[in-house]
Amino acid sequence: MTQASRPTLKIAVIGAGFAGQAHAFGYRNAMMAADAPYRVELAYIVDPNRALAERVAERYGFDGVLTDIDEALASDVDAVSVALPNFLHADVLARVLASGKHVFAEKPIGRTVEEAEALEAFAERSAAVTGVGFSFRRLPALAAVAQLVREGRIGTPHTARVWYHADYAADPRGALSWRYSQEQSGGGALLDIGAHALDALHFVVGPVREVGAANLSTIITERPRPVAGAIGHGASESTETGPVTNDDVALLAVTTETGVNAQVALSRISTGVPNSLGIEVFGSEGFVSFDSLRAGEFVIHTQAAADAYSNGPRTVTTGPEHPYFSDVAAMPGAGVGTGYAEAFVAEIQEFLRCIVTGTPIDTDFATATTMMRVVGAAFEAAATRRPVAVEAAKAALSV
Ligand SMILES: NC(=O)c1ccc[n+]([C@@H]2O[C@H](COP(=O)([O-])OP(=O)(O)OC[C@H]3O[C@@H](n4cnc5c(N)ncnc54)[C@H](O)[C@@H]3O)[C@@H](O)[C@H]2O)c1
């Protein structure tokens, strides 16, 4: 495609908090893709907090700001990102779908199975590209691990361990934002970071059939109320506190449709481990493992290379042979390194590519609903202390 024939996509990012800024970063760098079949016009950052929107627009080079979502949807932008607190997603995403604009939504698309299913049905009737930010799938090393498992390089998988350890909630002074309200968030660690871990498990070994057991616990039960306009995970100096109504830690035992037994460990209070999503899969012929703290590499062991004297797990450094790498790395050489920041670039590149090529995106609203059904089953398993089949999981969350 020549420079001149590349269509220009005009973009608005709705929500200027942590995730909205990551999307702005992604759009800002989307042109890095080798042979990008699009051009990008950074039109609006949209947030009721105008001062924040202006700071974010200035930082990432967006042309303007809006405080009214409907004004953005009535404008001539082609595509929007939505990165709002979870309780706004069902309403705002429905409005975006009704506008016909292409949409890239943050996870989760709703707080409950019902909210996600309604949006999935709406998205299916839309001609727009409807993507969801399961950003870890775009890490070259995790994408390579998924490919190797699918190719049978470790034989038939039978056991897995997946985790997401984060420390954003480890400080008890962390403000009581929407994230700590079951009603506003739809779930604590189980949904906030569990969304990524459960999606990684699905990506690498396939969909979950049953949640055998789930333990949810809240360790920090009270937090100071936030000050107006606060975003992200910062501390609050307020002396007024309120209750945390969702989980800090979630531990699940699950089985996939192909019979892989997996442990899922999720914690938002893992002091000293700021952001680690990992997966280990054991199969009949070997194992693979990945940890986002060392995002530029993965480990593989295969019996096929059998030589009992010197065989063993080896570390592979990602490079241009691996998915997404060449479109996001600053230099086309193995070891240059890609991290979570580049995953936001790769996911936006994929979204824009799907728009101009008219291709459905792999992380769509159906993917988000599949993840949400596992979360729904986990809530039910935790409440009933019984195994719950995922397809039978009702919207167990009381919102
Ligand atoms: N993919 C990822 O790695 C990732 C990381 C962080 C967050 N997320 C997701 O992104 C979404 C946003 O999370 P965040 O961390 O950016 O949140 P945040 O609290 O940092 O930002 C939320 C933004 O929404 C705006 N907003 C608009 N209307 C609002 C209202 N009525 N009440 C409160 N805020 C309002 C706020 O001004 C703020 O700018 C969530 O769905 C979250 O799960 C994804």
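The values are calculated or read from the model by the stated rules, or taken from the named source; none is laboratory data. All figures in this text were calculated on a predicted structure; none of them were measured in a lab. Cβ coordinates were reconstructed from backbone atoms using ideal geometry, including for glycine residues, and neighbour counts include every protein chain displayed. We work out accessible area using only protein heavy atoms, side chains counted, and drop any ligands, DNA or RNA first. Shrake-Rupley method; radii C 1.70, N 1.55, O 1.52, S 1.80 Å.
Positive contributions from Lys and Arg (+1) and negative ones from Asp and Glu (-1), summed over other residues with Cβ under 12 Å from the Cβ of residue 229, come out at +1. Ellipsoid semi-axes for the chain, based on the Cα gyration tensor and the rule √(5λ), read 31, 28, 20 Å when sorted largest first.
The stretch between residue 308 and residue 114, if pulled fully straight at 0.36 nm per residue, gains 64.6 nm over its current Cα-Cα span.
Helices in the chain that qualify as membrane-span-like (whole DSSP H runs, Cα extent of at least 18 Å along the helix axis, mean Kyte-Doolittle hydropathy of 0.5 or higher) are 86-99, 340-357, 365-384. Electrostatic tally near residue 250: other residues with Cβ closer than 13 Å to its Cβ, Lys and Arg +1, Asp and Glu -1, net -2.
Stretched out fully, how many nm does the piece from residue 122 to residue 213 gain, at 0.36 nm a residue minus the Cα gap?
Once the chain is fully extended between residue 122 and residue 213, it gains 29.5 nm.
Ordered by 1.4 Å accessible area with all protein chains kept, 18, 287 run largest first as 18, 287. A simple count of charges around residue 45, restricted to other residues whose Cβ falls under 11 Å of its Cβ and scoring Lys, Arg +1 and Asp, Glu -1, yields -1.
Which semi-axis lengths, in whole Å and largest first, follow from the square roots of five times the eigenvalues of the Cα gyration tensor of the range 98-175?
Values: eigenvalues 166, 114, 34 Å².
Sorted largest first and rounded, they come to 29, 24, 13 Å.
Across the protein chains, with a 1.4 Å probe defining accessible surface, the residues 217, 289, 310 rank 310, 217, 289 from largest area downward.
Take the chain with all the other protein chains still there, run a 1.4 Å probe, and you get 41 Å² of accessible area per residue.
Put a dot 7 Å past the Cα of residue 222, heading toward its Cβ, do the same for residue 271, and the two dots end up 2.0 nm apart.
Of the listed residues 372, 32, 331, the order by accessible area with a 1.4 Å probe, largest first, is 331, 32, 372. Per the 1.4 Å probe, what fraction of the accessible area of the chain, in percent, lies on carbon and sulfur atoms? Carbon plus sulfur share of accessible area: 51 percent.
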